[in-house]
Amino acid sequence: LLVGLGACAPGPMAYCEFKDIPEEGWQRSVPVKFFPELTDSSFQKWDVELAIRHNNNYAFNQLNLVVDMIDSCHNVLRKPVTIAVADEYGNWNGSGFGGIYQDKVTVASGVDAAALRNIIVWQAMEGCETLTDIEDLGIMVVPAKN
């Protein structure tokens, strides 16, 4: 609960949502979909951050994803994302509480609000049709730092 509450708290934020990944695993052919509604017009550009939570049984030291940001005209900005969830010795990166660890990366910086109508995230682990031990996935849209 504490990890979940802290995930969306610091700084100004326009959108934050986490989606549970099924306990039986995240199938390669089933994306996780987010539909941000950015109503704060005082910011022109946005940064998109992605957070992943995994448990102690996660079998890899990284997580490969593909993030599609789709605008209202159906133009797609595709970003491959690799998150290093452990170092070369198997020590978990990020923060954790109990057996759950969270890592966060910036997917895109300085994006127009119009380009963020839909955000679709695919798991892209090579040779892995169903990825297990991922607990949930989150998207945060924050005012651009630049």
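The values are calculated or read from the model by the stated rules, or taken from the named source; none is laboratory data. In this text, all values refer to a predicted model and were calculated from it rather than measured experimentally. Counting neighbours? That spans all protein chains shown, and the Cβs are built from the backbone with ideal geometry, glycine included. Ligands, DNA and RNA are excluded from the accessible area calculation, which covers all protein heavy atoms including side chains. Shrake-Rupley method; radii C 1.70, N 1.55, O 1.52, S 1.80 Å.
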### Task
Determine whether Phe18 is closer than 17 Å to Ile139 by Cα and of a type outside the set (Lys, Arg).
yes
### Message
Looking only at region 103-131, filter to residues that are in a strand (DSSP E or B) and charged (D, E, K, R); which one of those is farthest from Asp87 (Cα to Cα)?
### Response
Asp112
### Residue list for region 62-102, restricted to those being assigned to a loop (DSSP other than H, G, I, E, B), free of Cβ contacts under 8 Å to residues at least 40 places away in the same chain and open to solvent by 80 Å² or more (accessible area, probe 1.4 Å)
Cys73, His74, Glu88, Tyr89, Asn91
### Task
Can you run down the residue pairs with Cβ atoms below 6 Å, 6 or more apart or on separate chains, where the first is in region 17-44 and within 19 Å of Cys128 (Cα to Cα) and small (Gly, Ala, Ser) and the partner is open to solvent by 40 Å² or more (accessible area, probe 1.4 Å) and modelled with pLDDT of 95 or more?
Gly25/Thr130; Gly25/Thr132
## Note on the structure
Restricting region 45-61 to residues that are polar (S, T, N, Q) and touching a residue at least 40 places away in the same chain (Cβ under 8 Å), the one least open to solvent (accessible area, probe 1.4 Å) turns out to be Asn55
#### Entry: Test for Val141: is it more than 16 Å from Asp20 (Cα to Cα), in contact with an Asp or Glu (Cβ under 9 Å, 6 or more places away or on another chain), at pLDDT below 95 and in a strand (DSSP E or B)
yes
